[in-house]
Amino acid sequence: MKTHAAALLAATALATTLASPALAECTAEAFAQDTFAHEGVTLTGIEALPAGEDSPLPHCRVTGEMNQRIGAEGRAYAIGFELRLPDEWNGRFVHQFNGGNDGEVKPAVGPLLSGNKADTALSRGYAVVSSNAGHDGALFKDKGLAGGANFGFDPEARAAYGYTAVRDLNPVAEALVQTYYGSDIAYSYGIGGSNGGRHAMVAAARMPEAFDGLLVGYPGFNLPRAALQHALDVQAFRSTGKPLAESFSKDDLTLVASKLLDACDALDGLADGLINDAPACQQAFDPASLTCTDGQNSACLTPEQTAALVTIHAGPKGANGEQLYSDWDWDTGIGSGNWRFWKVESTVPPWGQKPIIAVMGAASLAQIFTTPPTPVEGSPEALEQFLMEFDIAGQAAGIDATDKTFTESAMEVMTPPGSDDPKLAEFRAAGGKILILHGNSDPVFSVRDTMAWYDKLDANTGGAAHEVVTFYRVPGMPHGAGGPSTDGFDVMTPLVDWVENGTAPGAITATVTEGNTEGQAALGPVSRKLCPYPQIARYTGSDPASADSFTCE
C-alpha cells in the first residue's frame, strides 16, 4: 500500500498544477528518467490526445510491450499494454482488468461497471492501465472460433492469463505513472467485471499490498468450475429435442420471468417488477408452474423445457451427486437479451448464431480450463458438439489435473488461492477494501457462488467480513449492467470514500439508465436501493418510484 499522507499531499498539489499540460509533456523524454528502468519493457507509442468523442479529457496515451517471448507452436507472446495519463491527474492509479479471454488491449479508460458508460476512471482524472494479459488473440486466427482460447496450449500463457500478467505489469505501470508526473501515486485501485472481477479477486489474494481498493463486478473467480456449466446448459437445452437456438423462444423466457414475478414480486412489499427478496423467492417459486397442463398449448412450457431449466439452475454434479459448481437463483433477467445471448442464441452470423457459451465457452473449457488441453475445431458446429460430448461427471477432474507440461492445474492458475476457505488475512492486514456487485440473473457466473464466498469469509473472520468487503446483489441484472434492473449506480465513489476516509459503504441509490431499454420497459423511471448483503431492500414508504421508500433490512 502507499504511504498515503505524504503521497496524497504531493499528488493533490500536482493535480492542481497540472492544469498546465507542459508540466508533463507527452513525449518519450518524459519516460527516460533513471527512475524508470525495467528490463524487457518497450514503449511502442506515445501520443497526446485532446478531449473528444473517444477521449473524455486531454491525456497522454502510452502503448508498450513486455515479457516478449516465443512460446508453443512458435507463436509470439508478450504482455501488450496501454496507459492513459490525464493532463489533470487526481494523484491516483487504476489497473483495469479486462474480461473474456483477454487477448486484446482494451482502451484504458477504466469502466466503472455501471450502465452509465460515460462515467469512467479516466474521466475522473485517474491514470489507467489496460493489458492483453499476455497474449494477442489476433495471432490465432488460423484456429477459427477456437483461436481466442488457443493460448491455453502454452503453460506460460495460461499463467499470464491467470495471474502473472497483472503481477508483472502493475509495478511497471506504476513506475511509468510516477516517472511521468514526478510524484508518488497516492492510492491504487483495481477495477474489473467478469474475468476482470476474477483478476481483482486473484490480486487480493496474491498481491495483498498492491491495491488499496478493488472494484469487482460479477466475478468469475471459479472460472474453470463455471465452465462446466456451459456443457450442462447445452446438453440440457438440446434435451428438449430442438436445436439450441430453438430450445427456448424469446416468448418462452419472457413467460418464465412473468411467472417469477407472479410468485415473488410482492415479497419485498411492493409489486414493481423487481424481486428484492431473492432468498424468499427461491422458496416461493415452483418451476412446475411453468409446465403446460392438460389441454393447454400456449403461455406454458413443455415438460422437457421445464426439466431443462431445473437442471441448469441446480448446477453441474459429479458422479456421486456432489456439486461441481454453484447452483443458481431464479430471477427475472432470464428473459433478457443478455441471458439469451450467453446461453441460447446470439446474433452473430460467423458464430452460426450460437450463444457465447457454445463458442468462447466451449473453446475455453477445451483449451484453457482442463489439462491436458483438447484440440477442437474452430467451427460453431464443432464447438457445440464438444460441449454435447463432454462427460461432466467423468471429465470434470481435468480442471484440477496437472502433467509434465502443465505443472499448475487450471484451478490453481485461475482462482484466488484459498478461495474455497477465504480469509484474506494479508489483504486485511494491509488495509485493503473490496466492493463487489453481482446481478441475481447472471447467466455466466452464479451470484450464489459469490454469496457462498462471502459467507465463508464472514465465518472465518468472526462476522467481520463487512470490514473488508461490501457486497451488493442487483435484482434483475444479468451479466453486467442492463436487463430489467436498476443499472445506473455509482459504486466507485463509496469505495474511494471507504479507502481514503474510512467511511464504510451503505445503501446505494440505483436508477434505470436511458440506454437500458429492457429496464425502462420493465421498471420505468424509478430509483431503488442496492443494499449491502445480506440485507434486503423492503418497501416501507409511500412513493413507489423512489428509493427513499425502501429500507435495507
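Checking each residue in the range 349-368 for being open to solvent by 10 Å² or more (accessible area, probe 1.4 Å), farther than 21 Å from D251 by Cβ and in a loop (DSSP other than H, G, I, E, B) picks out only G352.
Residues in the range 256-270 that are in contact with a helix residue (DSSP H, G or I) (Cβ under 7 Å, 6 or more places away or on another chain) and within 16 Å of I334 (Cα to Cα) were compared, and the one that is surrounded by the fewest Cβ atoms within 10 Å (Cβ to Cβ) is A263. A residue that is under 28 Å from A48 (Cβ atoms) and either part of a loop (DSSP other than H, G, I, E, B) or without any contact (Cβ under 8 Å) to a residue 24 or more places away in the chain (or both) cannot be found anywhere in the range 72-83. Within the range 275-299, if we keep just the residues that are part of a loop (DSSP other than H, G, I, E, B) and among the aliphatic types (A, V, I, L, M), the residue that is least open to solvent (accessible area, probe 1.4 Å) turns out to be I275.
Within the range 37-75, restricting attention to residues that are farther than 27 Å from G197 by Cα and among the aliphatic types (A, V, I, L, M), the residue that is modelled with the lowest pLDDT is A37. Is there a residue in the range 332-348 that is among the small types (G, A, S), crowded, with 22+ Cβ neighbours inside 10 Å, touching a residue at least 60 places away in the same chain (Cβ under 8 Å) and not in a helix (DSSP H, G or I)? Scanning the range 332-348 turns up at least one residue that is among the small types (G, A, S), crowded, with 22+ Cβ neighbours inside 10 Å, touching a residue at least 60 places away in the same chain (Cβ under 8 Å) and not in a helix (DSSP H, G or I).
Residues of the range 65-78 that are in contact with a helix residue (DSSP H, G or I) (Cβ under 8 Å, 6 or more places away or on another chain) and of a type outside the set (A, V, I, L, M, F, W, C): N67, R69, G71, E73, R75, Y77. A residue that is under 23 Å from A146 (Cα atoms) and touching a residue at least 40 places away in the same chain (Cβ under 8 Å) cannot be found anywhere in the range 46-61.
Go through the range 206-249 and count every residue that is closer than 25 Å to A396 by Cβ, among the aliphatic types (A, V, I, L, M) and within 18 Å of the chain's Cα centre (by Cα). Looking only at that region, the number is 4. If you go through the range 259-274 and keep only what is in contact (Cβ under 8 Å) with a residue 60 or more places away in the chain and not in a helix (DSSP H, G or I), you end up with G269, L270, D272, G273, L274. If only residues of the range 91-124 that are more than 19 Å from S194 (Cβ to Cβ) and either touching a strand residue (DSSP E or B) at 6+ places or on another chain (Cβ under 7 Å) or part of a loop (DSSP other than H, G, I, E, B) (or both) are counted, the one that is most open to solvent (accessible area, probe 1.4 Å) is A118.
Taking each residue of the range 503-523 that is open to solvent by less than 70 Å² (accessible area, probe 1.4 Å) and looking for partners that are aromatic (F, W, Y) and not in a helix (DSSP H, G or I) with beta-carbon atoms closer than 8 Å, six or more apart or interchain, yields I508/Y472; I508/F489; A510/F489; T511/F489.
Take A138 and tell me if it is open to solvent by 10 Å² or more (accessible area, probe 1.4 Å) and either hydroxyl-bearing (S, T, Y) or touching a residue at least 12 places away in the same chain (Cβ under 8 Å) (or both). So A138 fits the description; yes. Residues that are under 22 Å from the mean Cα position of the chain (by Cα), at pLDDT 95 or above, closer than 18 Å to S247 by Cα and polar (S, T, N, Q) do occur in the range 325-338, at least one of them.
Residue-wise test of (1) in contact with a Gly (Cβ under 9 Å, 6 or more places away or on another chain); (2) part of a helix (DSSP H, G or I); (3) open to solvent by 10 Å² or more (accessible area, probe 1.4 Å); (4) free of Cβ contacts under 8 Å to residues at least 60 places away in the same chain.
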| site | (1), (2), (3), (4) |
| --- | --- |
| R448 | yes, yes, yes, no |
| A459 | no, yes, yes, yes |
| Y472 | no, no, no, no |
| G476 | yes, no, no, no |
| A481 | yes, no, yes, no |
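In this structure, does P208 turn out to be open to solvent by 10 Å² or more (accessible area, probe 1.4 Å), over 30 Å from A358 (Cα atoms) and touching an Asp or Glu at 6+ places or on another chain (Cβ under 8 Å)? Spelling it out, P208 is indeed open to solvent by 10 Å² or more (accessible area, probe 1.4 Å), over 30 Å from A358 (Cα atoms) and touching an Asp or Glu at 6+ places or on another chain (Cβ under 8 Å). Of all the criteria given as (1) modelled with pLDDT of 95 or more; (2) out of contact with any Leu (no Cβ under 7 Å at 6 or more places or on another chain), the one not satisfied by A200 is (2).
Within the range 382-428, the set of residues being assigned to a helix (DSSP H, G or I) and small (G, A, S) comprises A382, A393, G394, A396, A397, G398, A410, A425. Candidates are the residues of the range 35-90 that are under 17 Å from S131 (Cβ atoms) and among the hydroxyl-bearing types (S, T, Y); the one that is surrounded by the most Cβ atoms within 10 Å (Cβ to Cβ) is Y77.
The values are calculated or read from the model by the stated rules, or taken from the named source; none is laboratory data. Keep in mind it's a predicted model, so treat the numbers as computed, not measured. Neighbour counts are summed over all protein chains in view; Cβ atoms, including those assigned to glycine, are modelled from backbone coordinates with ideal geometry. When the accessible area is computed, the model is the full protein with side chains, heavy atoms only, and any ligands, DNA or RNA have been set aside. Shrake-Rupley method; radii C 1.70, N 1.55, O 1.52, S 1.80 Å.
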